[in-house]
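Undergrad: Before I ask anything, let me first share the structure, which is written out below as structure tokens.
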Amino acid sequence: MNYYYNVLDIRRGTTVDGPGFRTSVYLAGCRHNCPGCHNPESWDPDGGLKMTLEEIMAVIEEEDFDVTLTGGDPLINPETTAALAEAIKSRGYNIWLYTGFTIEQILADPRLKQAIRNIDTIVEGPFIESLRDPDLLFRGSSNQRIINLSIP
């Protein structure tokens, strides 16, 4: 299947979206509309540059760092995210994924659960402005959890 992705940005060698140097792929589209979101321009699913899976993989392989999928919310388009994560994982990279969905919501929805089958670590939950904590590592608010996945 030939998927296209609306990519807001690909940050090379970043250290803010997971441990170590990473390539962070910022995908467009989010329906959570969290008050105080640091990236509301990412909400538009048609934003960014249209890229193929192969084009994204070329950047990831050129950098050769582990990968973070963020946005927006990559799980807004679970099928395309599943295909991207499968391609990334098949090349041996560790994958982190940021989402406004909770792990409970993901596990209750077969499409979302399928989308995370190749994800190593998920940072989950909506950003809650009243729980914002700038001292948290890799999270914006204290309700968000970092979960290492081992889902069959």
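Undergrad: Counting other Cβ atoms within 10 Å, which trypsin sites (Lys or Arg not before Pro) in the stretch 1-51 have at most 14 and lie in a DSSP loop?
TA: On the way: sites: Arg11, Arg12, Arg22, Arg31, Lys50; in loops: Arg31.
Passing sites in the stretch 1-51 are Arg31.
Undergrad: Of the heavy-atom accessible surface of the stretch 76-152 (probe 1.4 angstrom), what whole percent is carbon and sulfur? Walk me through the numbers on the way to the answer.
TA: On the way: 1960 of 3890 Å².
Within the stretch 76-152, the accessible surface is 50 percent carbon and sulfur.
Undergrad: So how much slack lies between His38 and Asp64, counting 0.36 nm per residue of separation and subtracting their Cα-Cα distance, in nm? Walk me through the intermediate numbers first.
TA: Numbers: separation 26, 0.36 × 26 = 9.36 nm, distance 2.74 nm.
Between His38 and Asp64, full extension yields 6.6 nm more.
Undergrad: Can you compute the helix-only [θ] at 222 nm over the chain? Use -39500 (n - 2.57) per DSSP H run of at least 4 residues, normalise by all residues, nearest 500 deg cm²/dmol.
TA: Values: 4 runs with 36 residues, N = 152.
Estimated from H runs of four or more residues: -6500 deg cm²/dmol.
Undergrad: Mind checking the per residue accessible area of the chain for me, 1.4 Å probe, whole number of Å²?
TA: Working: 7750 Å² over 152 residues.
Heavy-atom accessible area per residue stands at 51 Å².
Undergrad: Need the C-alpha centroid separation for the stretch 86-152 versus the stretch 60-80, integer Å.
TA: Each part's Cα centre sits 12 Å from the other's.
Undergrad: Still on this structure, I have one more. Quick one: give the max-minus-min coordinate of the C-alpha atoms of the stretch 50-103 along each principal axis, largest first, in Å.
TA: Largest first, the stretch 50-103 extends 31, 23, 17 Å along its Cα principal axes.
Undergrad: Highest mean first, how do 69-79, 137-147 rank when packing is the count of other Cβ atoms within 10 Å averaged over residues? Can you show the working numbers first?
TA: On the way: 69-79: 24.0, 137-147: 16.1.
Result, highest mean first: 69-79, 137-147.
Undergrad: Would you please calculate the Kirkwood hydrodynamic radius of the stretch 11-104 over all C-alpha pairs and express it in Å, rounded to one decimal?
TA: Working: mean 1/r = 0.0737 Å⁻¹.
Across the stretch 11-104, the inverse of the average 1/r is 13.6 Å.
Undergrad: Give me the angle, in degrees from 0 to 90, between the Cα long axis of helix 78-90 and the longest principal axis of the Cα atoms of the chain, rounded to the nearest 10.
TA: Helix 78-90 and the main axis of the chain meet at about 60 degrees.
Undergrad: Working out 0.36 nm times the residue gap between Arg145 and Glu55, then minus their Cα-Cα distance, what length gain in nm do you get to one decimal?
TA: On the way: separation 90, 0.36 × 90 = 32.40 nm, distance 3.09 nm.
Contour length minus Cα-Cα distance gives 29.3 nm.
Undergrad: Further question on the same structure: Leaving out ligands, DNA and RNA, and with a 1.4 Å probe, what % of the accessible surface on the stretch 2-65 is carbon or sulfur? Kindly include the intermediate steps, with their values, before the conclusion.
TA: Working: 1840 of 3570 Å².
Result for the stretch 2-65: 51 percent of the exposed heavy-atom area is carbon or sulfur.
Undergrad: For helix 53-63, report the angle its Cα long axis makes with the longest principal axis of the Cα atoms of the chain; keep it between 0 and 90° and round to the nearest 10°.
TA: 80 degrees
Undergrad: Contact order normalised by length for the stretch 1-139, with contacts defined as Cα pairs under 8 Å and 6 or more residues apart; what percent is it?
TA: Working: 262 pairs, mean separation 34.6, N = 139.
Worked out over the stretch 1-139, it gives 25 percent.
Undergrad: Now for a different question. Taking every DSSP beta bridge that has both residues in the stretch 20-150, what percent is antiparallel when rounded to the nearest 5? Please report the intermediate quantities before stating the final value.
TA: Values: 5 of 17 bridges.
The answer is about 30 percent antiparallel.
The values are calculated or read from the model by the stated rules, or taken from the named source; none is laboratory data. Since this is a predicted model, take the numbers as computed values, not measurements. No Cβ is skipped: glycine too gets one built from the backbone with ideal geometry, and neighbour counts run over all protein chains shown. These accessible areas exclude ligands, DNA and RNA; they are computed on the full protein's heavy atoms, side chains included. Shrake-Rupley method; radii C 1.70, N 1.55, O 1.52, S 1.80 Å.
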